[in-house]
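Each remark here refers to the structure printed beneath this line.
Each value in this text was obtained by applying a stated rule to the coordinates, not by laboratory testing. Just so it is clear, the model here is predicted, and its values are computed rather than measured. For neighbour counting, all protein chains shown are included, and Cβ atoms are generated from backbone atoms with ideal geometry for every residue, glycine included.
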Amino acid sequence: MAGSPLYLVKTHIQAQSAAEIAVGHQHQHRGMVQALRQIWRAQGVAGLWRGAGSAVPRVAVGSATQLSTFSSAKDIVDQLAVFPAGGWRVALVAGMSSSVAVAVAMTPFDVVSTRLYNQPVGPRGEGLLYRGVADCFARTMRAEGILGLYKGLGACYFRMGPHTVLSLLFWDQLRRLWACYGQR
């Protein structure tokens, strides 16, 4: 929630393009600070958090998927006995499995979040295209089908996959080191 204004501005600026190739709504920002000021002046403090309601479910789904699939995948890899039980290779394979699940689970929320953050707003700061998370999901499904919610899945995986794999691998190894040496 605290970083939501920066995510809002990032989305606005990344969606900007030259008029001849513009797609979707274009916010005319010259930079981060100017964008924050412009949004604050036009919509007040609440305008800086417009779209934040979509970020919370996105992160919650991602975190829940990441942790639950990592634990389950570790158990399965250990049971298969392909690698020594509890070793770093088990954590690596489990992290790789978890990263795929995270990308599949989070991409629909990423699509909705991006659309909510980038939509044009009315004079009172209300979204002109979507009323909220559920409305955006429903409209996207009606207009584009289930695949509309998975736009950018590959890019999502390549952005979050390495982070997920490395975070879980290091976390698992640090947890093991703590169990061995940290309780002395």
Mean separation of Cα contacts under 8 Å, 6 or more apart, over the residue count of the chain: relative contact order %: 23
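What is the dipole size for the chain, taken about its Cα centre, with +1 at each Lys and Arg Cβ and -1 at each Asp and Glu Cβ, in debye to the nearest 20? It would help to have the intermediate numbers written out before the result.
Working: 18 positive and 8 negative charges, 93 e Å.
Here the size comes out at about 440 debye.
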- line: If every Lys and Arg gets +1 and every Asp and Glu gets -1 at its Cβ, then about the Cα centre the stretch 92-184 yields a dipole, in debye to the nearest 20, of 160
Equivalent-ellipsoid semi-axes of the stretch 88-157, from the Cα gyration tensor, Å, largest first: 32, 13, 8
- request: Report the local net charge at Val56: Lys and Arg +1, Asp and Glu -1, summed over other residues whose C-beta lies under 15 Å from its C-beta.
  value: +1
